[in-house]
Amino acid sequence: MIRGIHGQELSFTDRTTGTRLSPVLPALSPHKDQSTRRIRTCDAGIDGIVEGAIPQFEVDGISANRTQVLAYSLEQDSQNLAALRCQIGNGHVTFWAPSLENIAEDISGNDPKARLKLLRWCLERVGLRPPHPKAGPSSLPLPQILLSTPEKPGLVQAVVLGLGLNNGPGVFRDSNDSFEFHPYEKGLELLRQIRLQTAQPNSHSDSDQADSPMKHIIVCPGGMIPSADDTPLFDLQTYFTQLRMARSREGCRRDIAGFGETMIYGQVVTSTQTMFDKNPRLLAQLPASVPVLSLGSQQLAGRGRGSNAWISPAGCLQFSLLLPNNPTSSLTPSYIPPSKLVFVQYLFALAVVEACRSDTVLGPKSGEAVRIKWPNDIYAYSGGPRAEKLKIGGVLVSTTFAPGGQEADIVIGCGLNVLCSPPLFALFRLLPISPIQTVEAPSCPDSNEPNLSRLSLELTLATVLSKFEKMWDQFLSSGGDFEPFLGTYLERWMHSDQLVQLTTVSPPKMVRICGITLDHGLLRTLPERTGAWGYDEGMNGYIDLQPDGNSFDLMAGLIKVKR
C-alpha cells in the first residue's frame, strides 16, 4: 500500500457508496529513480517520456464498467497501468502513477511538441481546461469578422452599403466607437498579425491596440467563411450549417434575412451589447430588413442588468441580436407598441429554455432542469442529493427610440454557460455521464476527448436563434400579444405559487406569486392570508410589480427595490 509521511496507509473512501480505493505500490526507494520510461495514452495515442519510476497500482471495489484506463507505461517486455479513471457515486476520481511535473523532453526527435501535447492531454483528464494553443492572450480586442450564411451572400453587401461604404472598405465613426472595415484577405492578415503581436512579451504596453478607439472589422464578401484556424474558439462553418438545419426544423421563413444569418464575430471583443446600443449612428444606418448578430467568444467589458458586469469564461455563449422594430420593414408584419416591449425579455428567455429542451441541445429530460427566473435570468436545478438552484444565464434588452417615439431598435443581449468549467455551472453538467464519456474541452476544440453528446456552442446558438425567430414572427403578427406564450412561460419559470416577502411596502408583507399581467407585463402577486378574516388589512387586491423597479432575491425569498 502507499504509505504517507508517517507510514500510514494512504487510501480514499467514498462516503456515499462506501467504496475504498487503495493504490498499490512496490517498495519505495529513498533514492530518486533517474531512469526514463515511455507512457502512451489510450484514446489519443500520444507518447511521452516520464522521468522516474512508474509504480503499479490497483483499485478494488469498483466494477469494470465504472473504470477507464487512460494511459499505459511501455516497458520492454510488458505494459503497465499508468493512469486510471473511476466513477464514484456522481463524480469521478483520476489516478496518475507518474507525476505530471516529471514529464521530460522527448528525446526521440519525432515530435518536438510531444511534451506539450501530453501535458495538455493530462491536464484535461484531471478536469482542467488549458487554453487553446491558437487562442493567444485575451487582454486586448481582436479584429471582428462581418459575414453571412453562404445561402444569402448579399446580406453583407447590404450592411456595407447601409453604412455608406459604397466604395468598399473604409472608416465608420460613431459616438462610442469608430470602425475600420477591411477587405477580406488584408483583414485576415491584420488579424493574424495582431494575434501574433499580443502573444509577445510586454505586448500590452507596446501594442497600439490597447489605447486605440478603432474597432477593426473584416468584410467577408460573397458568403465566404474564414477557416477554423482563424476562429479557433468558434467554428463559423459549423454554425451556419446548424443554423440552416435549425431554421428548417422550426419552419422559419426563407424569403427574409433570418436571425443569426448575418453576424459580426470576434474572438475577443469589448462588449457585444455596447457595440449596438452605444453607437446610435450605427443603429440608424444598418438596414432595417437585416437583423445583425454580434458574437464574441470572450468579452473584456461584458454587461449585465443594471450596473452588473457579465464575465465570459471559456465555454460561455455571449451575444447580442439587433432587431429593428419598424413597421416598414419586410421582417416585421406588424410593429410592437412601446407598452409591449417589456415582453421581449420574457419571450427570449422562453426561447432559451425551449432550446435547452430540444433534442439538439439537452433533450426533454435533461432540459427540464433549465428554468426562467423572473424577469430575465436563466437558472438550472443541479440535481443530485444536494440539489441547488444555480444561475447559468441572463437576458438584457435595450431599446432605442427614433424621434417621435414610435419606431425603436431592440438589442437583445444574452449570456449562457454552455461548456464552462467548474466551479461555474453549465448546461453540459445537466447531461447524464458515464465513466468513459467526457465533454470536449470548451477552450480546446482540438481536444481528443470523446464528446458526451452533440452539445456545442455552435449548435446551442443556432437552436436558440431559430426558436426565438419562430416565436418572434408570431409575437409581431399579433402586435405584441404575449397571451399565446403565457401558459408555456408559467410552466417553464420557477415561481408558480411561490411565497415571497415583499419589502417594497412598509411593513414588509408576505405575498404569493400568481403570474404576469398581459397588459404591461408586470409580476402579479397576491397578499398571503394571515387570519380568519382573510387578507391583511389594506392589502385586499393584487400587487403588481414592475421588472425594472424591483429585484428578485431568489435565495432569500425577497422582492425588493432595485438599487
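The values are calculated or read from the model by the stated rules, or taken from the named source; none is laboratory data. On a predicted model such as this, the values are computed, not experimentally measured, just so you know. Note that each Cβ is placed from the backbone with ideal geometry, even for glycine, and that neighbours are counted across all protein chains shown.
Residues of the range 240-276 that are among the aliphatic types (A, V, I, L, M), under 18 Å from Gln474 (Cβ atoms) and out of contact with any helix residue (DSSP H, G or I) (no Cβ under 7 Å at 6 or more places or on another chain): Ile256 alone. Put simply, of Pro169, Pro213, Pro226 the only residue that is closer than 24 Å to Leu300 by Cα, of a type outside the set (Gly, Ala, Ser) and at pLDDT below 90 is Pro213.
Before we move on, is Ser312 at pLDDT below 85, under 25 Å from Gly393 (Cβ atoms) and in contact with a Gly (Cβ under 6 Å, 6 or more places away or on another chain)? Against the criterion (at pLDDT below 85, under 25 Å from Gly393 (Cβ atoms) and in contact with a Gly (Cβ under 6 Å, 6 or more places away or on another chain)), Ser312 qualifies.
Okay, residues lined up against (1) in contact with a strand residue (DSSP E or B) (Cβ under 6 Å, 6 or more places away or on another chain); (2) in a loop (DSSP other than H, G, I, E, B); (3) touching a residue at least 24 places away in the same chain (Cβ under 8 Å):
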{"site": "Phe348", "(1), (2), (3)": "yes, no, yes"}
{"site": "Val352", "(1), (2), (3)": "yes, no, yes"}
{"site": "Cys356", "(1), (2), (3)": "yes, no, yes"}
{"site": "Val361", "(1), (2), (3)": "no, yes, yes"}
{"site": "Ser366", "(1), (2), (3)": "no, no, yes"}
{"site": "Arg371", "(1), (2), (3)": "yes, no, yes"}
{"site": "Pro375", "(1), (2), (3)": "no, yes, yes"}
{"site": "Ile378", "(1), (2), (3)": "yes, no, yes"}
{"site": "Gly383", "(1), (2), (3)": "no, yes, yes"}
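Looking at Gly487, is it without any contact (Cβ under 8 Å) to a residue 24 or more places away in the chain, more than 22 Å from the chain's Cα centre (by Cα) and more than 18 Å from Thr238 (Cα to Cα)? In short, yes. If the condition is being crowded, with 18+ Cβ neighbours inside 10 Å and either free of Cβ contacts under 8 Å to residues at least 40 places away in the same chain or aliphatic (A, V, I, L, M) (or both), then the range 214-255 contributes Ile217, Ile218, Val219, Ile225, Leu233, Leu236, Leu243, Ala246.
Can you name the residue in the range 381-397 that is touching a helix residue (DSSP H, G or I) at 6+ places or on another chain (Cβ under 8 Å) and modelled with pLDDT of 90 or more and, of all such residues, is farthest from Tyr346 (Cα to Cα)? Per the stated criteria, the residue is Ile392.
Can you name the residue in the range 533-552 that is acidic (Asp, Glu) and modelled with pLDDT under 80 and, of all such residues, is surrounded by the most Cβ atoms within 10 Å (Cβ to Cβ)?
Taking the range 533-552 as the starting set, the residues that turn out to be acidic (Asp, Glu) are 536-537, 544, 548.
This time we only want the ones that are modelled with pLDDT under 80, so: 536-537, 548.
Details: Asp536: 17, Glu537: 10, Asp548: 11.
It comes out as Asp536.
Residues that are surrounded by 15 or more Cβ atoms within 10 Å (Cβ to Cβ), assigned to a loop (DSSP other than H, G, I, E, B) and among the small types (Gly, Ala, Ser) within the range 489-532 comprise just one, Gly521.
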